[in-house]
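A.B. asks: Please see the structure below; I have some questions.
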Amino acid sequence: MKPKPYVRVLQYIALGFFICFLGFPLLWLVTTAFKSPRELTTINPTLFPTMPTVDNFFAAMTHNNLGQALLNSLIVAVSTAVVTTVLALPASYALARNRSRLRTVTIGWILVSQVFPFILIVIPLFIVLKNLGLLNSLQGLVLVYVVWSLPFTLWMLLGYVSAIPSDLEEAAATDGAGKLATLIQIIFPLLVPGLVATTMFAFISAWNEFFFALVVIQSPELQTAPLLLARYVGAEGNVQLGPLAATALITTLPGLLIFAVIQRKLISGMMAGAVKG
Amino acid sequence: MKRRLFLSAAALGTAAVSTGCLSGTGGSAGTGAGSAAAPSGAASTPTTPIKLSFSTYAFQEPTVKATQEIVDSWNKANPNITVELQKVDASSVHDKLVTQFAGGSAPDIIHDESADLAGFSAQGYLADLTSLIPAALKSDVADSVWKSVTYGGKITGIPTIAQVYNVFVNTDLLQKAGIAVPTADKPWTYDDLAANAKKLSSGDNFGFAWGLKSPTAGLMNAGLAFGGTFVTGDEGKPTMKVGDAELELPKRIMAMINDKAMAPTSVSMSGTEVLPGFYAGKYAMVMAGNYVATQIKSAAPATLKWTMIPLIKGTSQNQAAGPQTLSVAKQSKYPQQAMAFINHYMTAEKLAAIGIGDSLIPVTKSAGDIAAKQLGTTNGWDVILKSGANLADAPWFKATKFAQWKSDIATPQYQQFLQAKIDLATLGKNLSDGWVKVNS
C-alpha cells in the first residue's frame, strides 16, 4: 500500500535527523582535523574552522610515522580477513549441511567464545605467543585476530549457507555434477554477498582492534594505527586533539572507501543472511 | 562412521596440541626473579653488541624530542650497547607492563610513575637499584623524594621529574580587582585563595576553577598541605585513617563552590578542559598540574597575561612527591648497562631538557638550576621550580592496593561529595570503609 504524502514527508524528516545524528560526529572529526590548537581551546566552539590549517596532518604524518602504522594495519587486516574467510567458508558449509552432534557442539563453542572476556586470556596468550616466537610480530597478531574473529565469521557464514536451498545441490547432482563442481559453480557464487559481508567484518574488526595489538606489538615500527591513535591521549585527560582528529580521519578513510565501493553487495549480503536453525 | 571418528580424533588432537603449548609456558610466568643476576657494581662494556629496550610514555612534543636525543646520544657514545625506544601511551603503561612481566618480556628500562611501582616492587619485578646509584646523584635529590621511590627498603625507581598542583592566574584580572600576585616569601593560604576568588567572581565569571573530573590525585596530593597522610602502619599491611586533616581540602573546595567563588561545573571537567574558560577570562584562576603550562604557552591567546603563583599554603606548602621514574626490570639480562643508561638520562642538562619539555620540575638540584637559568622568571617558573623543596613522601603510594582503592572507592566517593550527593562525614566513612574492603 502506498504511504500517504504526509507520512512520506515525516519519514524523510526522520531519515534526515537520523543521517545528521550519524553523520555529525564524522563532520566534527573532519573539521577538528583542520583546526589549530588555539581554535580548539576557544570557549565557544565553532563547527567550521575560522582559520583552517593542515599542520595537524603534517604532525600526524611526520612525528609519529603514520604511514608505517597504516601499512601495518592494512597488512594485518587484509591477512586476517582472507585467512578467516578461507577457514570459515568450508567449515560453515560442512556445519550447515551436516546435522550432527558436532554441529551442536560447534555452535555452542561459538556462542561461549563471544561472551568470554578476552582480558582473562591475555596473559596466557602472551606467554603462548612468546614461546612460539610470534611475539612482537605481525604474523602473531594476525594469528590472534584470526582465532578471535573466526567464531563469529563462522556463525555469519553458517546463516548464509543455510539460506541456500539444498535442493540446488540435489538438482546439480541429478545432472551429473560432482561435489566440488557443485560447490564451485553453484554454491559459492550464491555466497558472494555473504562472503563480502563476513570478510568486511573480519577486516574492520582487525583494523580497529587495540588491546591485543597493545599486548603483542612492542617495536615502534610494527605498531598499528589504533596504537598510534592512543598515543595522542596523555595522562590526566591531556589530549592532542588536532593531530588525533587528523590521524583518526586518515585511519577511517580506507574503511569508508571500501564500504562505498562494495556497499550494494554488503547490504544484500546482510539482508540475505539469517540464521536458520 | 569413519568421518565421525576422524572428526573426533582431529578435535582431540587440537586439544592436546593446545594443552601442550600452554603447559610448556609455566616456567616463564610468575615473579620473574630467576632470569637476571642481581645488579651490582659499575656497568661493564660488553664484548658483543647488546640491545636494551626502553619503554617510555613521553607525550608532549618537546619531551619526546628530548628523549629521542638522549637515546641517540647514548647510542652514538656506546655503539655496543644500543638502546631501542618503545613509545607507549600513558593510559596503557600499567596494562602493558602486567603482561610483559608475566610473560618475561619486560623492557630493560621502564619509564613509569612512582604511584605505579608499589605493586610491581612487591611482586619482585623491579630490580633493587640502591647499590647502583652514584653518590653524586644520591646527594643531588632530596631525601623526601628518594623516600617516595623506596619500597620495602629498596629503591626500585630513579625519580626524574615531578608535578605539583599550582594555581595559574590571569594577571590582568587580578590587577583590575586590586589583588597583588603573591610572592615566594609571602604565598597565599587557602583562606587567601578563597577570599580572592570571591572577589574575582561576578555573574557567570568565577574567580577559581579546578578540573576535578578525576579528583583523587589532586585532592590527596595537594591535601598534604594540611598534613593529610591517609595511610599509616606497616607497608605490607597499611591502615587508613580519614580525619580532619585528610578532609580539610575537600571541605574548603566545597565551601568555595557554595560561596560561588569557584565554578561548580569545573568539578566535572578534566584538568585541561578548564583551560578554554581560563583563556576566555571566565575563570580568573585555575588549579592544575604544572605540566599544563606547555599547553597554555601553545594554545592561549597572545593577549592573555598569566603566571603561576607559589604553592597554596595550608599548615605547610607540602604536596605529595609522585615523580616519574626510571626502573630496571629484574628480568633484564643487562641491569648494569641499563642503569648506566639511566645515569646518562639523569645528567643535569638532559634532565633539565626533559623537565622543560614537560613543564615539570626536575628532581635533581643541578637540573633544576639549569632549568631555572633557562626559564628565568617567565610565567612564575622561578617559584615553581623552588617548590621542589615542598615535595614530601606520600605514604599511600606505598600501599599495593592503593590503585584499586583509588579507582573503585576514592574517585566515585569524591565525585559524589563534589556533586553534593554525600556530606563530608559520609565521605570520610566511605573512604576508610572502602580501604578495609579492598584490603580484605
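The values are calculated or read from the model by the stated rules, or taken from the named source; none is laboratory data. The structure displayed is predicted, hence computed values, not measured ones. Cβ: placed from backbone, ideal geometry, glycine included. Neighbour counts: every protein chain shown. Remember, those area values only see protein heavy atoms, side chains included, never the ligands or the DNA or RNA. Shrake-Rupley method; radii C 1.70, N 1.55, O 1.52, S 1.80 Å.
A.B. asks: When the residues of segment A:121-142 are filtered to those that are without any contact (Cβ under 8 Å) to a residue 60 or more places away in the chain and either on the phi > 0 side of the Ramachandran plot or away from chain B (no Cβ under 12 Å) (or both), which remaining residue is least open to solvent (accessible area, probe 1.4 Å)?
C.D. replies: A:GLY133
A.B. asks: Could you identify the single residue in B:ILE354, B:ILE342, B:ILE253, B:ILE296 that is outside any loop (DSSP other than H, G, I, E, B) and more than 30 Å from B:ILE110 (Cα to Cα)?
C.D. replies: Working: B:ILE354 fails: more than 30 Å from B:ILE110 (Cα to Cα); B:ILE342 fails: more than 30 Å from B:ILE110 (Cα to Cα); B:ILE296 fails: more than 30 Å from B:ILE110 (Cα to Cα).
Matching residue, one of B:ILE354, B:ILE342, B:ILE253, B:ILE296: B:ILE253.
A.B. asks: So A:THR62 ticks every box in (1) β-branched (Val, Ile, Thr); (2) modelled with pLDDT of 90 or more; (3) in a helix (DSSP H, G or I) but one. Which box is left unticked?
C.D. replies: Among (1) β-branched (Val, Ile, Thr); (2) modelled with pLDDT of 90 or more; (3) in a helix (DSSP H, G or I), the lone unmet condition for A:THR62 is (2).
A.B. asks: Answer yes or no as to whether B:GLY124 is open to solvent by less than 40 Å² (accessible area, probe 1.4 Å) and part of a helix (DSSP H, G or I).
C.D. replies: Details: open to solvent by less than 40 Å² (accessible area, probe 1.4 Å): yes; part of a helix (DSSP H, G or I): no.
No.
A.B. asks: Quick one: in segment B:175-191, of everything that is in contact (Cβ under 8 Å) with a residue 24 or more places away in the chain and within 18 Å of B:MET256 (Cα to Cα), which residue is surrounded by the most Cβ atoms within 10 Å (Cβ to Cβ)?
C.D. replies: The qualifying residue surrounded by the most Cβ atoms within 10 Å (Cβ to Cβ) is B:TRP188.
A.B. asks: If you take the residues in segment B:69-97 that are surrounded by 19 or more Cβ atoms within 10 Å (Cβ to Cβ) and over 22 Å from A:TYR232 (Cα atoms), which one is nearest to the other protein chains (Cβ to nearest Cβ)?
C.D. replies: Here the residue is B:VAL83.
A.B. asks: Assess whether A:THR50 counts as being of a type outside the set (A, V, I, L, M), within 14 Å of chain B (Cβ to nearest Cβ) and open to solvent by 90 Å² or more (accessible area, probe 1.4 Å).
C.D. replies: Here the answer is yes, as A:THR50 does meet what is asked.
A.B. asks: Using beta carbons and a limit of 6 Å, which pairs, at least six apart or on different chains, have the first residue in segment B:285-299 and more than 9 Å from every other protein chain (Cβ to nearest Cβ) and among the charged types (D, E, K, R) and the second one open to solvent by 10 Å² or more (accessible area, probe 1.4 Å) and part of a strand (DSSP E or B)?
C.D. replies: none
A.B. asks: With the structure loaded, tell me whether A:VAL9 is part of a helix (DSSP H, G or I), of a type in the set (Val, Ile, Thr), surrounded by 10 or more Cβ atoms within 10 Å (Cβ to Cβ) and touching a residue at least 24 places away in the same chain (Cβ under 8 Å) or whether it fails that test.
C.D. replies: Values: part of a helix (DSSP H, G or I): yes; of a type in the set (Val, Ile, Thr): yes; surrounded by 10 or more Cβ atoms within 10 Å (Cβ to Cβ): yes; touching a residue at least 24 places away in the same chain (Cβ under 8 Å): no.
When the stated conditions are applied, A:VAL9 does not pass them.
A.B. asks: For segment B:261-270, indicate whether the set of residues that are in contact with an Asp or Glu (Cβ under 7 Å, 6 or more places away or on another chain), open to solvent by less than 20 Å² (accessible area, probe 1.4 Å), in a loop (DSSP other than H, G, I, E, B) and not basic (Lys, Arg) is non-empty. Step through it out loud before you land on a result.
C.D. replies: Taking segment B:261-270 and keeping what is in contact with an Asp or Glu (Cβ under 7 Å, 6 or more places away or on another chain), we get B:270.
Remaining after also requiring open to solvent by less than 20 Å² (accessible area, probe 1.4 Å): B:270.
With in a loop (DSSP other than H, G, I, E, B) added as a condition, the list becomes B:270.
If we keep only those that are not basic (Lys, Arg) as well, we get B:270.
Yes; the residues of segment B:261-270 include at least one that is in contact with an Asp or Glu (Cβ under 7 Å, 6 or more places away or on another chain), open to solvent by less than 20 Å² (accessible area, probe 1.4 Å), in a loop (DSSP other than H, G, I, E, B) and not basic (Lys, Arg).
A.B. asks: Just to be sure before I move on: is A:SER73 closer than 30 Å to A:LEU180 by Cα, open to solvent by less than 50 Å² (accessible area, probe 1.4 Å), assigned by TED's automatic domain parsing to the domain that holds A:LEU150 and not aliphatic (A, V, I, L, M) in the structure I sent? Quick ask: steps written out before the conclusion?
C.D. replies: Working: closer than 30 Å to A:LEU180 by Cα: no; open to solvent by less than 50 Å² (accessible area, probe 1.4 Å): yes; assigned by TED's automatic domain parsing to the domain that holds A:LEU150: yes; not aliphatic (A, V, I, L, M): yes.
Spelling it out, it is not the case that A:SER73 is closer than 30 Å to A:LEU180 by Cα, open to solvent by less than 50 Å² (accessible area, probe 1.4 Å), assigned by TED's automatic domain parsing to the domain that holds A:LEU150 and not aliphatic (A, V, I, L, M).
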